[in-house]
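Here is the structure we will look at, set down as structure tokens.
The values are calculated or read from the model by the stated rules, or taken from the named source; none is laboratory data. The structure displayed is predicted, hence computed values, not measured ones. Quick reminder, even Gly has a Cβ in these numbers, built from the backbone with ideal geometry, and neighbours come from all protein chains shown. In case anyone asks, the SASA skips ligands and DNA or RNA and just uses the protein heavy atoms, side chains included. Shrake-Rupley method; radii C 1.70, N 1.55, O 1.52, S 1.80 Å.
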Amino acid sequence: MKIGALEAGGTKMVCAIGDETGKIYEQVSIPTITPEETMPKLLEYFKGKDIEALGIACFGPVDLDKDSDTYGYITTTPKTAWMNTDVVGYFSKGLGVPVGFDTDVNGSLLGEVTYGQAKGLKDAVYYTIGTGIGAGIMSGGNLVHGAMHPEAGHMLLRVREDDPMPEGICPFHGACLEGMAAGPAIEKRWGRKAIELKDDEKVWDLEAYYLAQCMASTTLFLAPRIIILGGGVMHQTQLFPLVRKKTAELLNGYIKNATVSDMDHYIVPASLNDDQGIMGCLKLGYDAANN
Ligand code: ADP
Ligand code: ZN
């Protein structure tokens, strides 16, 4: 089946054509400007490509409640030009094919559980640690939506005493996970680009301390079988052993379970060479046409 995939991000829109095996035939990237300027370019790309469905994984917040009047909209985003943008309606009308729609992070998670290392697992969590922090959650085989969708990137934290920026930078919560551990927080705290801090051990020790709190809370709340960490910050692969060790310390032996104890396979990097998002869109499109 020929499927269109749109990974709609705050800085760029990745458009691709592929199929339900996860094969990508072609792919382009279009900058995210305004809906007026960008949406017609996206539609133009997909038109005439003979797709039978489209899957969209979108930056948010988005409305995922199928009973809502604004289902398929980007809602209260800080990217104000995109507030109240009807994404699903625009492509449904413009292309006349079924459209699957979910958050960007659920898209990446779906890519990993369909085609990647989490294949076949029904309980999995995907975090992106980048400009912001977002969580995609699958429980019992279903992507979790709820009243809106989880915003676990804003979970509250215990601040470490030696943190030179204990107040955090989230405009809503100060020292929440995103306010302490997303790329911009690292850069504000240490006054340099995260990538330039590679060899500074104290930077990654503190970063791992905050990420480990998230891993421990995620384990306690959701009992996933795997937690996948993606996003730009996780290119610092030295974080993985640190996060695993500190997660085990925080759980302090309370969880006696083989899956969780096998930390090397429990907290893992994304596995699809940064294609997890666009591949998840293929599955979203496929499911929209077949469910
Ligand atoms: P986005 O979240 O905007 O989709 P990314 O996941 O690439 O994009 O996240 C960008 C953030 O990740 C920036 O704040 C940047 O500092 C950080 N980042 C990107 N690459 C690296 C790297 N190699 N090492 C550490 N931090 C990085
Ligand atoms: Zn916050």
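Some observations on this one:
- Conditions (1) assigned to a loop (DSSP other than H, G, I, E, B); (2) surrounded by 12 or more Cβ atoms within 10 Å (Cβ to Cβ); (3) more than 13 Å from ligand 1 (Cβ to nearest atom): number failed by Gly146: (2)
- When Val87 is tested against (1) within 16 Å of ligand 1 (Cβ to nearest atom); (2) β-branched (Val, Ile, Thr); (3) more than 15 Å from the chain's Cα centre (by Cα), exactly one condition is not met: (1).
- Given (1) within 16 Å of ligand 1 (Cβ to nearest atom); (2) closer than 27 Å to Thr76 by Cβ; (3) among the polar types (S, T, N, Q), number of the condition Gln213 does not satisfy: (1)
- A search for C-beta distances below 6 Å between a residue of region 253-275 that is surrounded by 10 or more Cβ atoms within 10 Å (Cβ to Cβ) and any residue that is aromatic (Phe, Trp, Tyr), counting only pairs 6+ apart in sequence or on different chains, returns Val260/Tyr266.
- Pairing residues of region 219-232 that are β-branched (Val, Ile, Thr) with residues that are not in a helix (DSSP H, G or I), at Cβ distances under 6 Å and at least 6 apart in sequence or on separate chains, gives Ile226/Ala118; Ile226/Leu121; Ile226/Ala124; Ile227/Val125; Ile227/Ile267; Ile228/Tyr126; Ile228/Val268; Ile228/Ala270.
- Of residues in region 157-168 being surrounded by 15 or more Cβ atoms within 10 Å (Cβ to Cβ) and of a type outside the set (Gly, Ala, Ser), the one farthest from ligand 2 (Cβ to nearest atom): Asp163
- For region 169-212, a residue qualifies if it is crowded, with 22+ Cβ neighbours inside 10 Å and within 16 Å of ligand 2 (Cβ to nearest atom), and the qualifying residues are Cys176, Leu177, Glu178, Gly179, Met180, Ala181, Ala182, Ala185, Ile186, Tyr210, Leu211.
- Tabulated pairs, region 169-192, first without any contact (Cβ under 8 Å) to a residue 12 or more places away in the chain, second more than 14 Å from ligand 2 (Cβ to nearest atom), C-beta under 8 angstrom, 6+ apart or interchain: Glu187/Lys193; Glu187/Ala194
Per-residue answers, yes or no, for (1) open to solvent by less than 10 Å² (accessible area, probe 1.4 Å); (2) of a type in the set (Val, Ile, Thr); (3) under 27 Å from Thr131 (Cα atoms):
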residue: Pro31; (1), (2), (3): no, no, yes
residue: Cys58; (1), (2), (3): yes, no, yes
residue: Ile74; (1), (2), (3): yes, yes, yes
residue: Pro78; (1), (2), (3): no, no, yes
residue: Val87; (1), (2), (3): yes, yes, yes
residue: Lys93; (1), (2), (3): no, no, no
residue: Gly96; (1), (2), (3): no, no, no
residue: Asn106; (1), (2), (3): yes, no, yes
residue: Gly111; (1), (2), (3): yes, no, yes
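- Qualifying residue in region 228-238 (condition: of a type in the set (S, T, N, Q), under 22 Å from Pro61 (Cβ atoms) and outside any strand (DSSP E or B)): no
- Selection within region 66-106: residues that are modelled with pLDDT under 95 and basic (Lys, Arg). The member of this set that is nearest to Leu229 (Cα to Cα) is Lys79.
- Conditions (1) within 14 Å of ligand 1 (Cβ to nearest atom); (2) part of a helix (DSSP H, G or I); number of the one not met by Tyr127: (2)
- Hey, Ile51 open to solvent by 10 Å² or more (accessible area, probe 1.4 Å) and either touching a Ser or Thr at 6+ places or on another chain (Cβ under 9 Å) or under 24 Å from Gln276 (Cα atoms) (or both) or not: yes
- Residue in region 184-205 that is in a helix (DSSP H, G or I) and closer than 20 Å to Phe59 by Cβ present: yes
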